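The values are calculated or read from the model by the stated rules, or taken from the named source; none is laboratory data. Bear in mind that the values here come from a model prediction, so they are computed numbers and not experimental data. Please note: Cβ atoms are built from the backbone with ideal geometry, for glycine as well, and neighbour counts cover all protein chains shown.
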Amino acid sequence: MLLNCGQPLPLLRHTDVPPRVIENFILTGYRFPNYSLRECLLSAFRPTNETGNFWTHFLPVFIFFYYFMEVFGWDGAPHSDAPFFYPLWNYFIGVFCLLMASSMAHLLNSMSLVVREVCFFVDYGTISAYTVGSSLAYYYYIHPRAGIVETGEHNISHMDLKHEPTRVPVSSYAIPEFSVFFETLYIPCTCAVAIICVISCCNTRLKWKQHRYIIRTFVFLLPFLSSSTPVFYRLFTKSPYSTTSASFVTSSTMSKFFYHHCLWLLVSAVFNISKFPERLAPGRFDIWGHSHQWFHCFTFLSILDELHMIKAEMRAILLSPTLLLPPATLSHLPGPTIASTYGVMLLLQTTIISIILWFSWHANCIYGPQRDQLAKERPKKHLKCQ
């Protein structure tokens with residue numbers, strides 16, 4: 001009599017799975033394509049070559065949330081649903097989607113060859129959404145410094161200048177050319193770059209497969225450079241705060257966190273491209289310690305330092321109330337609104353979803369027949385028990 005003994009399907013070697021599933025230098029620990037949803041979920045608690053990939057981005061969700069919620073307990077901070085926090089919530093959406101999509105992609109990609117492709121298309125899409133979420137935070141918490149001018153008496157914002165047109169600044173903190181870029185092109189450019197990155201990375205799963213890791217790594221170097229423009233601006237210009245102010249002390253930590261952010265990104269890129277250490281000892285790091293797990297760890301460290309950098313800038317602003325620019329103002333640097341934050345993210349996500357659907361349709365055309373064939377050859381779960 002055939003009984004369902006509840007035994008998990010056997011893990012396979014790289015010679016026993018479709019070529020599309022094989023990862024470089026990973027020889028064992030493969031799950032058979034056409035796992036059920038339940039089997040995929042249970043595999044999170046079973047040592048496979050994807051288990052570490054899942055946990056190294058799933059657990060960080062809770063760590064990130066802990067440090068994120070800290071800002072709402074600051075003295076003098078507005079309510080959590082205040083417009084001042086709109087960019088921060090969009091940043092949270094970007095990071096949360098990135099970490100969850102990445103962990104779920106590694107957990108669920110054995111359901112079928114088509115599902116595998118769709119999982120990683122979604123993963124690439126959320127990376128771009130995270131980039132734009134970061135850009136919104138940079139724009140509203142770091143970019144306003146481009147709107148500060150230094151007078152002979154004290155620093156004031158464009159909002160203050162509007163009510164005092166006769167005051168002539170002695171020296172300008174803002175560089176006019178950069179102000180034009182920030183006010184009109186910065187957010188549209190980061191969105192355009194994000195969309196280009198999604199298309200390029202999705203293409204590496206259908207074309208350019210031989211150099212896919214290098215392409216994916218360098219494709220995301222461009223959005224880092226474009227989104228970090230406000231940070232570079234701050235690093236190469238004079239601080240808008242008085243050197244004796246609490247805001248100056250708080251804001252001065254921004255550079256340290258940004259350099260750490262860059263360092264972790266660089267280290268993660270090295271692991272992603274080099275496939276170290278499994279390249280040196282194929283088969284030894286199949287389950288734990290292979291490059292993609294280290295890539296996940298260092299990527300999260302970069303996100304955590306980025307969060308600390310944003311929080312430092314937010315704290316500096318809150319310690320200088322004149323820098324808070326409410327949505328109602330008609331200044332050159334209006335504060336965050338629903339349309340300029342959530343609206344931008346919604347439009348971007350809609351565009352990304354359309355791109356993912358288009359690539360998913362093509363993936364189904366390519367891998368659909370193989371999926372059906374593998375479903376017929378799937379090992380039986382029912383084993384004969386005594």
Original post:
So, in segment 71-81, of the ones that are surrounded by 13 or more Cβ atoms within 10 Å (Cβ to Cβ) and touching a residue at least 40 places away in the same chain (Cβ under 8 Å), which residue ends up nearest to Ile303 (Cα to Cα)?
Top reply: Val71
Original post:
Among (1) in contact (Cβ under 8 Å) with a residue 12 or more places away in the chain; (2) out of contact with any helix residue (DSSP H, G or I) (no Cβ under 6 Å at 6 or more places or on another chain); (3) farther than 26 Å from Thr51 by Cβ, where does Thr250 come up short?
Top reply: (2)
**OP:** Could you please give the count of residues in segment 5-33 that are among the basic types (Lys, Arg) and touching a residue at least 60 places away in the same chain (Cβ under 8 Å)?
**Re:** 2
Original post:
Which of (1) in contact with a Gly (Cβ under 8 Å, 6 or more places away or on another chain); (2) surrounded by 22 or more Cβ atoms within 10 Å (Cβ to Cβ); (3) modelled with pLDDT under 95 does Asp286 not meet, given it meets every other one?
Top reply: (3)
Subject >> Matching entry among Ser340, Ser302 (being at pLDDT below 95 and crowded, with 18+ Cβ neighbours inside 10 Å) >> reply: Ser340
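So which of Ser135, Ser102 ends up being crowded, with 24+ Cβ neighbours inside 10 Å and either without any contact (Cβ under 8 Å) to a residue 24 or more places away in the chain or farther than 17 Å from Met345 by Cα (or both)? Break it down into steps so the answer makes sense when it comes.
Numbers: Ser135 fails: either without any contact (Cβ under 8 Å) to a residue 24 or more places away in the chain or farther than 17 Å from Met345 by Cα (or both).
When all the criteria are applied, what remains is Ser102.
Can you confirm whether Phe295 is more than 21 Å from Leu136 (Cβ to Cβ) and surrounded by fewer than 20 Cβ atoms within 10 Å (Cβ to Cβ)? Lay out the reasoning, then the answer.
Details: more than 21 Å from Leu136 (Cβ to Cβ): yes; surrounded by fewer than 20 Cβ atoms within 10 Å (Cβ to Cβ): no.
When the stated conditions are applied, Phe295 does not pass them.
Got a sec? Which helices (runs of 4 or more DSSP H) wholly within segment 188-280 have at least 1 residues that are basic (Lys, Arg) and within 17 Å of Tyr138 (Cβ to Cβ)? I'd like the intermediate steps shown before the answer.
Details: elements: 212-219, 221-227, 229-235, 246-251, 254-274.
Result: 229-235, 254-274.
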